[in-house]
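The values are calculated or read from the model by the stated rules, or taken from the named source; none is laboratory data. Being a predicted model, the structure only gives us computed values, none of them experimental. Neighbour counts run over all protein chains shown; Cβ positions are idealised from the backbone, glycine included.
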Amino acid sequence: MTQSPHSIRSILIVGGGTAGWMTAAALAHALREGCTVTLVESEEIGTVGVGEATIPPIRTFNQTLGIDERDFLRETKGSFKLGIEFVNWGRQGHRYFHPFGPYGRAFDIVDLHQYWLRAREEGETAPLDDHAMAWQIAKAGRFAPPSPDPRNVLSTFDYAYHFDAGLYAAFLRRYAEARGVVRVEGKIASVRQNGETGFVEGVTLEDARALDAELFIDCSGFRGLLIEGALKAGYQDWTHWLPCDRAVAMPCENVAPLTPYTRSTAQEAGWQWRIPLQHRTGNGYVYSSQFMSEDEAADKLTQRLDGKPLGDPRPLRFVTGRRNSFWTKNVVAIGLSSGFMEPLESTSIHLIQAGISKLLALFPDRSFDPLVIEEYNRIAVNEFERIRDFLILHYKLTERDDSELWRYCAAMDIPDTLATKIEHFRRHGRLVQRDNDLFGPPSWLAVHVGQFNLPQGTDPLAAYRGVDGREWLGKLRAAMQAAAQRLPSHEAAIAAAIGQPAGDHG
């Protein structure tokens, strides 16, 4: 098809890392001819690169690019992820699981959890977790892809990955360069803008080389070299709702078994992540600088590792929030340059993916129609705010009062959009959805129940159904437990996927 004279003919991606190379790979796949894609980065500038846990949409991204799962796992030292275990969040000594996929399988017009709530009133002690196939598999330390047969209980879960973000960026770089993306090594010294419109026209490197383009993608990380440095988009600070503003990361040796899930453990001034990969376990302490020093956080993390440290503590600083505008003039911010969500629910890489998807769905021509830009920003704002509310939910729904952070979180004011959702569930156990909710009802249900926001009543409709929910739930749990035990161990599943022998085949 003949291109329009208004078609974009050149794109410059500023910055590499996960965001830059995911964007480059996706553009290389989508723009097969007629447009050059260049990426400029400097090996002297480090990337954050601790984002090792993902959520299920990453599989769609890889599949869209035609990436084979076996190659991906082999090249990124990846493992499988069925959800997140939360420890000490609602109360000290308590844990619950946020599964990927639903709880059970719909068997009535009334939601399954409503029958679980009614069974609980009748003396049932089985936790909600036990009705999620993802948790039954995860707690058994096993894994296999979901069954394609919807009648099989093994079809009722989803999965994502843990992987080395640096290796993933390198993997996508090879993919992108093989499809024509040109990488330029160098540091940007200045940004050139049109004197009348303010549009970015190009960048100049420290060695005086000039790189021009028509569309610019800012993947420069927290600095926001173009979106903030040049275009002054502005930033909304959400630290009053999400007070953690620091992290210290530190890998350690693996300690068996290799769990097919992420663990988040609430600590004195924040929380600690644990992410098992093939070759190491990723660890980090996300904390509030109001309540803990960097040295103390590093010491606490070092003391709490499962295995021998494989590096020194690496400090990170951030401000949770978002740009006022994600797309300004001819610059689109993707990744950390667009905003930051602390890694509690593994959304950082997803937000890169979401930015890329919106860009392709609303791809501009050289007119840069303000209507297109406005729609991109509207969707992006909604996505960020819905994720923000879900993260705040974890902090607000705590009964802990053993440290300053948790007392602050329990007492803090929250957005009205979140307060409404909490109240709907508190009264009737109903899960209210909003536009662009990344996390669906099962995710919200996991946190509400897991952190003791138990409803005062149940859905009145359940009383009219004549369903013995308690008996059905018992059969469901038994079927799930039996199905989980038939699957191979997580280690064996990884070994089979990457074509290596395993000592344990479950």
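Worth pointing out:
- Lone qualifier among GLY284, GLY307, GLY321, GLY311 - being closer than 19 Å to GLU52 by Cα, among the small types (Gly, Ala, Ser) and touching a Phe, Trp or Tyr at 6+ places or on another chain (Cβ under 6 Å): GLY284
- Candidates are the residues of the stretch 455-499 that are without any contact (Cβ under 8 Å) to a residue 24 or more places away in the chain and among the basic types (Lys, Arg); the one that is surrounded by the fewest Cβ atoms within 10 Å (Cβ to Cβ) is LYS475.
- Candidate set: the stretch 31-60, residues that are over 13 Å from the mean Cα position of the chain (by Cα) and either among the charged types (D, E, K, R) or over 27 Å from ILE188 (Cβ atoms) (or both); chosen: the one modelled with the lowest pLDDT: GLU44
- Taking the stretch 410-436 as the range and being in contact with a helix residue (DSSP H, G or I) (Cβ under 8 Å, 6 or more places away or on another chain), polar (S, T, N, Q) and not in a loop (DSSP other than H, G, I, E, B) as the test, only THR417 passes.
- Residue list for the stretch 151-173, restricted to those being under 15 Å from HIS350 (Cβ atoms) and touching a strand residue (DSSP E or B) at 6+ places or on another chain (Cβ under 8 Å): TYR159, ALA160, TYR161, HIS162, PHE163
- Whichever residue in the stretch 27-46 is of a type outside the set (Val, Ile, Thr) and touching a Leu at 6+ places or on another chain (Cβ under 7 Å) and, among such residues, is farthest from ALA361 (Cα to Cα): HIS29
- Hey, LYS77 among the charged types (D, E, K, R), under 30 Å from ALA410 (Cβ atoms), crowded, with 17+ Cβ neighbours inside 10 Å and under 19 Å from the mean Cα position of the chain (by Cα) or not: no
- Some residue of the stretch 227-244 being more than 27 Å from VAL87 (Cα to Cα), touching a residue at least 24 places away in the same chain (Cβ under 8 Å) and of a type in the set (Phe, Trp, Tyr): yes
- Among (1) out of contact with any strand residue (DSSP E or B) (no Cβ under 7 Å at 6 or more places or on another chain); (2) surrounded by fewer than 21 Cβ atoms within 10 Å (Cβ to Cβ), the one test that GLY335 misses: (2)
Residue-by-condition table, conditions (1) more than 26 Å from PHE222 (Cα to Cα); (2) at pLDDT 95 or above; (3) exposed (fewer than 15 other Cβ atoms within 10 Å of the Cβ):
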| site | (1), (2), (3) |
| --- | --- |
| ILE8 | yes, yes, no |
| VAL14 | no, yes, no |
| LYS81 | yes, yes, no |
| GLU85 | yes, yes, no |
| HIS98 | yes, yes, no |
| ALA106 | yes, no, yes |
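- Top-ranked residue of the stretch 243-267 - restricted to ones that are aliphatic (A, V, I, L, M) and closer than 15 Å to SER346 by Cβ, ranked as surrounded by the most Cβ atoms within 10 Å (Cβ to Cβ): ALA247
- Residue within the stretch 200-217 that is on the phi > 0 side of the Ramachandran plot and charged (D, E, K, R) present: no
- Checked against the criterion of being at pLDDT below 95 and within 30 Å of SER357 (Cα to Cα), the candidates LEU418, LEU438, LEU445 yield just one match: LEU438.
- Number of positions in the stretch 213-235 that are surrounded by 24 or more Cβ atoms within 10 Å (Cβ to Cβ) and among the hydroxyl-bearing types (Ser, Thr, Tyr): 1
- Residues located in the stretch 405-454, provided they are surrounded by 15 or more Cβ atoms within 10 Å (Cβ to Cβ) and farther than 24 Å from ASP111 by Cβ: LEU405, TRP406, TYR408, CYS409, ILE414
- Filter result for GLY34 (touching a residue at least 12 places away in the same chain (Cβ under 8 Å) and either of a type in the set (Lys, Arg) or surrounded by 22 or more Cβ atoms within 10 Å (Cβ to Cβ) (or both)): no
- All positions within the stretch 171-184 that are assigned to a helix (DSSP H, G or I) and in contact (Cβ under 8 Å) with a residue 60 or more places away in the chain: PHE171, LEU172, ARG173, TYR175, ALA176
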